[in-house]
Amino acid sequence: MMRLDKFLKVSRIIKRRTLAKEVCDNGKTKLNDRVAKASSDVKIGDVLEVVLGNRTLKVKIAVIKDTVPAKEAALLYELL
């Protein structure tokens, strides 16, 4: 398991963890259709919805790793 804000950073959905925490704290993230805090635990198979500006990104978590090279970051999730 991993914290939501850290997953957003490691997967490069959001570039910085402080920004990821801010997005979560403003209620712009949903985990399995529930509003999620930055400290929420994510696990494989969870569906994550993030509002970034005027677009919404919906992904399913495929893999959880503490660190990955930038080229492999997109392999941590699949777009829905």
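Here is how the numbers come out for the structure above:
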read-out: Matching residues, region 1-50, being without any contact (Cβ under 8 Å) to a residue 60 or more places away in the chain and β-branched (V, I, T); value: I14, T18, V23, T29, V35, V42, I44, V47, V50
read-out: Odd one out for R55, checked against (1) touching a strand residue (DSSP E or B) at 6+ places or on another chain (Cβ under 9 Å); (2) closer than 15 Å to I14 by Cα; (3) among the basic types (K, R); value: (1)
read-out: Residue selected from region 36-57 under the condition outside any loop (DSSP other than H, G, I, E, B) and either of a type in the set (D, E, K, R) or out of contact with any helix residue (DSSP H, G or I) (no Cβ under 9 Å at 6 or more places or on another chain) (or both), by the criterion surrounded by the fewest Cβ atoms within 10 Å (Cβ to Cβ); value: R55
read-out: Qualifying residue in region 63-74 (condition: surrounded by fewer than 13 Cβ atoms within 10 Å (Cβ to Cβ), touching a helix residue (DSSP H, G or I) at 6+ places or on another chain (Cβ under 6 Å) and in a loop (DSSP other than H, G, I, E, B)); value: yes
read-out: Residue check, A20 in contact with a Leu (Cβ under 9 Å, 6 or more places away or on another chain), buried (at least 19 other Cβ atoms within 10 Å of the Cβ) and of a type in the set (G, A, S); value: yes
read-out: Residue check, V42 out of contact with any His (no Cβ under 8 Å at 6 or more places or on another chain) and more than 23 Å from A70 (Cα to Cα); value: no
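Throughout, read-outs are computed from the coordinates displayed, never taken from laboratory work. This structure is a prediction, so every number in the text was calculated from the model and none was measured. Note: ideal-geometry Cβ built from the backbone for every residue, glycine included; neighbour counts use all protein chains shown.
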